[in-house]
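Before any comments, here is the structure.
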Amino acid sequence: MRSLFLFMLLCVGSAFAQFGIPTQLPKQTNDADVRNKVGQYCRLDYLGGRLSDQDWQKLKPVVSWPNNPDFPLIDVVSRYDVGTNVTEAHGKWRVTVTYHMLGRFTLGQGYSTEAAGSDEQAEFTVQDAGGGQLKVIDMDPNYPHPSKAVMLKWLQDKLATATPQTKVIYEEAIKQLSAQSGSPFAK
């Protein structure tokens, strides 16, 4: 009887090993993890991660989409605040980011300070991409949100290769943005 019990115990033990039964509980995602991932995205975006192919490579590991989405406009911001309220539904977490606007550059129309001093909110969706690795899977609206300094550099780079028709748009945008205060407290 004792040998039968020992035999059964060995069979069950080897079955667990053979089928890879996990011996550790999966890592639980908490609100801080989600907020950190969104903050990482926002920081890289603020530093220009969406404005060039080279900088996109730094942002790519944070998101689930393989390519930088096309964007019809660029929101220039003085700062951003990642919300503290994280909601979870069906394995996805949502958090809102508030961007403090300096202005908006619309491709083909130029720079406008109409939104200066206002706040814009964007909703981020984060999901576990496997193995506890969080990725931003959606952002609405999905526009770049660079800082004033990064946007000025981008505009100057565009101006250097602009056609005579678009040169005036970039020159005027540089003039307007340079005249603005980059302070997050400027209205």
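The values are calculated or read from the model by the stated rules, or taken from the named source; none is laboratory data. Note that the structure is a prediction, hence the values are computed from the model and not measured. FYI the Cβ positions are ideal-geometry reconstructions off the backbone, even for glycines, and counts take in every protein chain you see.
Assorted remarks:
- Residue that is nearest to Gln127 (Cα to Cα), among those in region 58-67 that are of a type in the set (A, V, I, L, M) and assigned to a helix (DSSP H, G or I): Val62
- Every residue from region 78-121 that is within 20 Å of the chain's Cα centre (by Cα) and not in a strand (DSSP E or B): Gly83, Thr84, Asn85, Val86, Gly91
- Scanning region 36-50 for residues that are of a type in the set (A, V, I, L, M, F, W, C) and over 10 Å from the mean Cα position of the chain (by Cα) returns a single hit, Leu47.
- Test: residue in region 139-148 that is part of a helix (DSSP H, G or I), at pLDDT 95 or above and over 16 Å from the mean Cα position of the chain (by Cα): yes
- Among the residues listed as Asp70, Asp55, Asp33, Asp75, the single one being in a loop (DSSP other than H, G, I, E, B), acidic (Asp, Glu) and over 11 Å from the mean Cα position of the chain (by Cα): Asp70
- Residue in region 122-135 that is over 16 Å from the mean Cα position of the chain (by Cα), surrounded by fewer than 18 Cβ atoms within 10 Å (Cβ to Cβ) and closer than 16 Å to Ser52 by Cα present: no
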